[in-house]
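Novice: This is the structure, below, for whatever I ask next.
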Amino acid sequence: MTTAVTVFGTSVARGDTAKFRAAVAEMNDGTPVTVPVMVVAGRRDGPVVLLSGAIHGDEYNGPATIHRLLREITPDMLRGTLVGIPIMSPFSFFCRSRSNDLDYEHLNLNRIWPGDPDGFLSQRAAHVIHEHAIRRSDVILDFHEGGIAFMARYVALGGVPGTKTAVREAELRMARHFGQGVPIVDKTIDEKAARLGRLGMLSAAGAAMDVPVLTIETGGAGTLWPDFVELATTGARRILVGLDMLDGPPPVDDREQVIVRDGRWIRPQRGGFLRNLPGMDLGAKVKAGTPMGRIEDAFGDTVDELRAPFDCIILDTRHIATVYPGDWTFSCGRL
């Protein structure tokens, strides 16, 4: 049995907890930039699980979930180690944005893993986090949500065809353990997604190292939602039981959990105000052709109608009232 774990160069003895800041970069005046790190080192050996929050700086329910998990789980309860980084992207967190406005290229941290030690600010920070936390993890629970613009409720598996094979079954087991009737999105990064930079997502970087990553999408709209924090906390604890890191009954759930392998964002042809129609909520099942929303122009006249492209389940809903042509509105997973 190991007597201590080392995280970002800090040694944490078995049976202890720790909170500290780890330097990942510096500002243009030399001020250090850090990420908060929380460690619970179980008294008994087991896997190292990384809890990742706020890779996008406008996502707040993930940090709240990590805080709660690491308050409630003590070393005496745990086999293995939990490493929480509730704010993975300090730059975008400063800006309340998905991306880092301080980078010349305004980089999105979840498009650039594993980072670059000689790159832009975000790339350098990503490299440090990757080397000290991601590479040293056996499992990653990556908490996301809809950000300022959207609400989300699903869990997702990720990777490209060549790497996904090694981790898909482990990720699917974790998704089933999360349970609670939350839909599972089982998509593979294809050529179109690669053009949007999704080869640099944490799920793809983990899969490339045979590290299963479950992306947990719960909440959004720039608000802390107690129900979504409860959902994510309960699901994460169920996963830890399934990994034999916590004691408890096997996580079995009789609620239907839809698996989605294909889907589409509904995108308006006209700009204006989006009116979500009644019943078009997260998790709703919608028949093909059903009206889901409408676009009204500056005069209040309807100029576009949004309809379900196929029988689907709603994974994301938009919460910013105005749209440009081509903006995302509803994310529909094909049933």
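Novice: Hey, any hits in segment 22-41 for a residue that's of a type in the set (Gly, Ala, Ser) and assigned to a helix (DSSP H, G or I)? Give the steps one after another, and end with the answer.
Specialist: Taking segment 22-41 first, the residues of a type in the set (Gly, Ala, Ser) are 22-23, 25, 30, 41.
Okay, now just the ones that are also assigned to a helix (DSSP H, G or I), so none.
No: segment 22-41 contains no residue that is of a type in the set (Gly, Ala, Ser) and assigned to a helix (DSSP H, G or I).
Novice: On to the next question. Report whether or not Thr322 is more than 30 Å from Met174 (Cα to Cα) and either of a type in the set (Ser, Thr, Tyr) or surrounded by fewer than 13 Cβ atoms within 10 Å (Cβ to Cβ) (or both). Give the steps one after another, and end with the answer.
Specialist: Details: more than 30 Å from Met174 (Cα to Cα): yes; either of a type in the set (Ser, Thr, Tyr) or surrounded by fewer than 13 Cβ atoms within 10 Å (Cβ to Cβ) (or both): yes.
Considered against the rule, which asks whether it is more than 30 Å from Met174 (Cα to Cα) and either of a type in the set (Ser, Thr, Tyr) or surrounded by fewer than 13 Cβ atoms within 10 Å (Cβ to Cβ) (or both), Thr322 comes out as yes.
Novice: Output the residues belonging to segment 59-68 that are out of contact with any Gly (no Cβ under 7 Å at 6 or more places or on another chain) and of a type in the set (A, V, I, L, M).
Specialist: Correct list: Ala64 only.
Novice: Do the conditions hold for Leu107, that is, is it over 25 Å from Arg237 (Cα atoms), surrounded by fewer than 18 Cβ atoms within 10 Å (Cβ to Cβ), in the same structural domain as Val83 (by TED's automatic domain parsing) and among the aliphatic types (A, V, I, L, M)?
Specialist: Details: over 25 Å from Arg237 (Cα atoms): yes; surrounded by fewer than 18 Cβ atoms within 10 Å (Cβ to Cβ): no; in the same structural domain as Val83 (by TED's automatic domain parsing): yes; among the aliphatic types (A, V, I, L, M): yes.
No; evaluated as a whole, the condition is false for this residue.
Novice: Moving on to the next point. Look through Arg68, Arg153, Arg79, Arg136 and report the one residue that is out of contact with any strand residue (DSSP E or B) (no Cβ under 7 Å at 6 or more places or on another chain) and not assigned by TED's automatic domain parsing to the domain that holds Arg267.
Specialist: Numbers: Arg153 fails: out of contact with any strand residue (DSSP E or B) (no Cβ under 7 Å at 6 or more places or on another chain); Arg79 fails: out of contact with any strand residue (DSSP E or B) (no Cβ under 7 Å at 6 or more places or on another chain); Arg136 fails: out of contact with any strand residue (DSSP E or B) (no Cβ under 7 Å at 6 or more places or on another chain).
Answer to the check: Arg68.
One line per residue, one yes/no per condition, for (1) closer than 14 Å to Val213 by Cβ; (2) aromatic (Phe, Trp, Tyr); (3) in contact with a helix residue (DSSP H, G or I) (Cβ under 9 Å, 6 or more places away or on another chain); (4) surrounded by 22 or more Cβ atoms within 10 Å (Cβ to Cβ):
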{"position": "Gly57", "(1), (2), (3), (4)": "no, no, yes, yes"}
{"position": "Ala64", "(1), (2), (3), (4)": "no, no, yes, no"}
{"position": "Ile73", "(1), (2), (3), (4)": "no, no, yes, no"}
{"position": "Met77", "(1), (2), (3), (4)": "no, no, no, no"}
{"position": "Ser89", "(1), (2), (3), (4)": "no, no, yes, yes"}
{"position": "Arg96", "(1), (2), (3), (4)": "no, no, no, no"}
{"position": "Trp113", "(1), (2), (3), (4)": "yes, yes, yes, yes"}
{"position": "Asp118", "(1), (2), (3), (4)": "no, no, yes, no"}
{"position": "Ala149", "(1), (2), (3), (4)": "no, no, no, no"}
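Novice: Which of the residues belonging to segment 213-242 are under 19 Å from Gly158 (Cα atoms) and either touching a Ser or Thr at 6+ places or on another chain (Cβ under 6 Å) or of a type outside the set (D, E, K, R) (or both)? Walk me through it before giving the result.
Specialist: Filtering segment 213-242 down to residues under 19 Å from Gly158 (Cα atoms) leaves 213-218, 232, 235-236, 239.
Scanning segment 213-242 gives Val213, Leu214, Thr215, Ile216, Thr218, Ala232, Gly235, Ala236, Ile239.
Novice: Out of the residues in segment 34-77 that are basic (Lys, Arg) and without any contact (Cβ under 8 Å) to a residue 40 or more places away in the chain, which is nearest to Arg98 (Cα to Cα)? It would help to see each step written out before you state the result.
Specialist: Step one: filter segment 34-77 for residues basic (Lys, Arg), giving 43-44, 68, 71.
If we keep only those that are without any contact (Cβ under 8 Å) to a residue 40 or more places away in the chain too, we end up with 43, 71.
Numbers: Arg43: 37, Arg71: 27 Å.
Result: Arg71.
Novice: Looking at Glu145, Glu169 in this structure, which one is buried (at least 23 other Cβ atoms within 10 Å of the Cβ) and among the acidic types (Asp, Glu)? Working first, answer last.
Specialist: Details: Glu169 fails: buried (at least 23 other Cβ atoms within 10 Å of the Cβ).
The conditions single out Glu145.
Novice: Report, by residue number, each residue of segment 316-335 that is among the charged types (D, E, K, R) and in a loop (DSSP other than H, G, I, E, B).
Specialist: Initial filter on segment 316-335 (among the charged types (D, E, K, R)): 316, 318, 327, 334.
Listed by number, the list holds a single entry, Asp327.
Novice: Given (1) closer than 25 Å to Ile55 by Cβ; (2) without any contact (Cβ under 8 Å) to a residue 24 or more places away in the chain; (3) not assigned by TED's automatic domain parsing to the domain that holds Phe143, where does Ile314 come up short, assuming only one miss?
Specialist: Every condition holds for Ile314 apart from (2).
Novice: Let me ask something additional. Kindly establish whether Asp45 is surrounded by fewer than 16 Cβ atoms within 10 Å (Cβ to Cβ), acidic (Asp, Glu) and at negative phi. Break it down into steps so the answer makes sense when it comes.
Specialist: Numbers: surrounded by fewer than 16 Cβ atoms within 10 Å (Cβ to Cβ): yes; acidic (Asp, Glu): yes; at negative phi: yes.
So Asp45 fits the description; yes.
The values are calculated or read from the model by the stated rules, or taken from the named source; none is laboratory data. All values reported here derive from a predicted model rather than from experimental measurement. Counting neighbours? That spans all protein chains shown, and the Cβs are built from the backbone with ideal geometry, glycine included.
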